[in-house]
Amino acid sequence: MEESLFTPLREAGLTTLRISHHWKSGVVCLRAGREWGPEVEWSRYRRDFTTEAPLTTDGGCLGNQEVRELFGRHGLGEYLDRVIALVASARHEGIEAFFEPRRGIRFMYNMHSSTLGSANGRHAVRSGGIRRHDPEAPELHVIVDGLNLARAMSFKNAAAGMPFGGSKITVQCPPVDLDDLGTVGFLAYCLDRTRSVTGPDMGFTPSLSDVMHARGFSANITGGLENRLGPTGMPTAYGIYLALKEAMAFRCGSPSLAGRTIVVQGLGAVGRPLVEEHLVKEDVRILCADVDPAAVDRVVGRHPERVKPLPLSEVLTAEADIFLPCAVGGILDEEAIQNLRCQVVMGAANNQLKATTPEEEIRLARLLADRGILFQVDWVQNAGGVIAGMEEYLRGEEASPESIRAQVERACGLGTRENLAAAAREGVTPTEMAYGRYSAEIYRQG
Ligand code: NAI
Ligand code: PHE
């Protein structure tokens, strides 16, 4: 039997599962239900029905014990317990799962914390991106990714002064054709069922946001190409560039990058502008790698004098001054850390350390420090995207690029400067410093 939360749902004709966890008391509550049938026309979402409408008369609802029995009948009781343990281990609020049986779409809303957003007066109390995974990806991997990303969002929002808790949406499905309004409508419906505001992350393009806005599907998504502020990759790249300069100033006494060799992993929404808008303007040598060879060819072709391709297999071992991970997370485990041959790691990728709890991240960060590599947990420097998204969500017509720029400079630039200096003063790693600074705020209430 495939290890999936969705298998028992599918077999029992159910559509939703909610795992709620109250981290202070340790109480876990399970609910599952049949909330729609296969006949719902999702392309009609917000034209014929809203999230408040009943979508089936043939519904049903299972409580704690019944959900456990259902999973037990499918041999998935232990799997459910493993997922619950993951939710509990880093003090998450839970997971909401939504299933679209006709298309096989598995939508998961990973909730870390709502504390900083619970009194913001908005529909969304949490914010975090929406990321796609392939249908074949092992589900536990997707869940770990979603929970880690949600947790990072809580800390990122706190560090950037955003009035939101942290969450992340993961969707397991094939690449989405944005003309397929049934699929986009279903994603919008699920998004609106959550108390979150989102923006496209890996696996979705900024156009997802444009289509959802143009069709009137959802106002809870930001970061499209067609809004005045543009996609979120640009401000994220700017924040990484500022943080890198701060890291160099801290490490070498000058922010200059002159003469440095820089490895960039991933040339997507963040990596490409990081290279093309910022790094190529400096006297540096850039080595780029991407699983999509065309992405590398494009950037190398436009800047042949500065940028050279780097084989994917050499990303983690290349001799360089600086390594900027701007693709997948979980790349820095013990072995990778031992093999790195750079002095500074300061990228945009979320959750660069391969860990599921802050404690484990702090341990791995110590190994980096022991090797003399300057590193801080990514959420200190990669807040540019959420800053831009929340500017759009909170300020609407008043939103301005100047305001985003100023917030990015404060959060990512100054935030990095202060964090590195404070860590040095306290004799801890910058990662431990950052976690110590924001944990009390995030975990102040249940
Ligand atoms: P993207 O999907 O636009 O680009 C990712 C790029 O990395 C793609 O070109 C892809 O082909 C490449 N890639 C994927 N796996 C790779 C691998 N194993 N090795 C080398 N290249 C690989 O994503 P985006 O938006 O640029 O995000 C990059 C990272 O930054 C992600 O971890 C994301 O969560 C994080 N991030 C993005 C923000 C944003 O505003 N877009 C904000 C904060 C963090
Ligand atoms: N996906 C962004 C990140 O990983 C955050 C984001 C959230 C962007 C909400 C836009 C809207 O930081």
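Throughout, read-outs are computed from the coordinates displayed, never taken from laboratory work. Just so it is clear, the model here is predicted, and its values are computed rather than measured. Cβ coordinates were reconstructed from backbone atoms using ideal geometry, including for glycine residues, and neighbour counts include every protein chain displayed.
Restricting attention to region 72-210, close to 60% of DSSP beta bridges with both partner residues there are antiparallel. Estimated from the Cβ-Cβ distance and a Förster radius of 51 angstrom, the FRET efficiency linking Arg44 and Arg366 is about 0.40. Quick one: net charge around Leu62, please, counting Lys, Arg +1 and Asp, Glu -1 for every other residue with C-beta under 10 Å from its C-beta. In short, +1.
Ordering Thr115, Thr357, Thr57 by the number of other Cβ atoms within 10 Å of each residue's own Cβ, fewest first, gives Thr57, Thr357, Thr115.
Is the shape of region 396-446 best called rounded, prolate or oblate, per the rule: a/c under 1.5 gives rounded, else a/b larger than b/c gives prolate, else oblate, with a ≥ b ≥ c the square roots of the Cα gyration tensor eigenvalues? Because a/c hits 1.5 or more and a/b fails to exceed b/c, region 396-446 counts as oblate.
If the chain between His303 and Asp333 were fully stretched, how many nm would it gain, using 0.36 nm times the residue separation less the Cα-Cα distance? Don't skip to the end; give the middle numbers.
Details: separation 30, 0.36 × 30 = 10.80 nm, distance 3.25 nm.
Answer, rounded to one decimal: 7.6 nm.
Rounded if a/c is under 1.5, else prolate if a/b beats b/c, else oblate: with a ≥ b ≥ c from the C-alpha gyration tensor eigenvalues square-rooted, which is region 334-421? Note, shape of region 334-421 comes out prolate.
Compute and list, largest first, the equivalent-ellipsoid semi-axes of region 239-394 from the alpha carbon gyration tensor, each √(5λ) rounded to a whole angstrom. Mind dumping the intermediate values first?
Numbers: eigenvalues 99, 73, 54 Å².
Computed over region 239-394, the values are 22, 19, 16 Å.
The equivalent ellipsoid that matches the C-alpha gyration tensor of the chain spans semi-axes of 37, 24, 21 angstrom, in descending order. When Leu340, Leu414, Leu279 are arranged by Cβ crowding within 10 Å, least crowded first, meaning fewest neighbours, the order is Leu414, Leu340, Leu279. Beta bridges per DSSP, both residues in region 282-435: antiparallel share near 0 percent. Out of all DSSP beta bridges in the chain, what portion is antiparallel? Express it as a percent rounded to 5. Beta bridges within the chain, antiparallel portion: roughly 50 percent.
Quick check: residue separation of Glu359 and Arg251 times 0.36 nm, minus the Cα distance between them. What number comes out in nm? Before the final figure, lay out the partial values.
Numbers: separation 108, 0.36 × 108 = 38.88 nm, distance 2.52 nm.
Stretched fully, the Glu359-Arg251 segment lengthens by 36.4 nm.
Report, in cubic angstrom per residue, the convex hull volume of the C-alpha atoms of region 72-127. Can you show the working numbers first?
Working: hull volume 6.1 nm³, N = 56.
For region 72-127, the hull spanned by Cα atoms encloses 108 Å³ per residue.
Label-to-label distance, Arg405 versus Glu314, with points set 7 angstrom from Cα along the beta-carbon direction: 3.7 nm.
Using Cβ counts within 10 Å as a stand-in for footprinting exposure, how do Asp210, Asp58 rank, fewest first? Mind showing how you got there, number by number?
Values: Asp210 19, Asp58 8.
By the 10 Å Cβ count, ascending: Asp58, Asp210.
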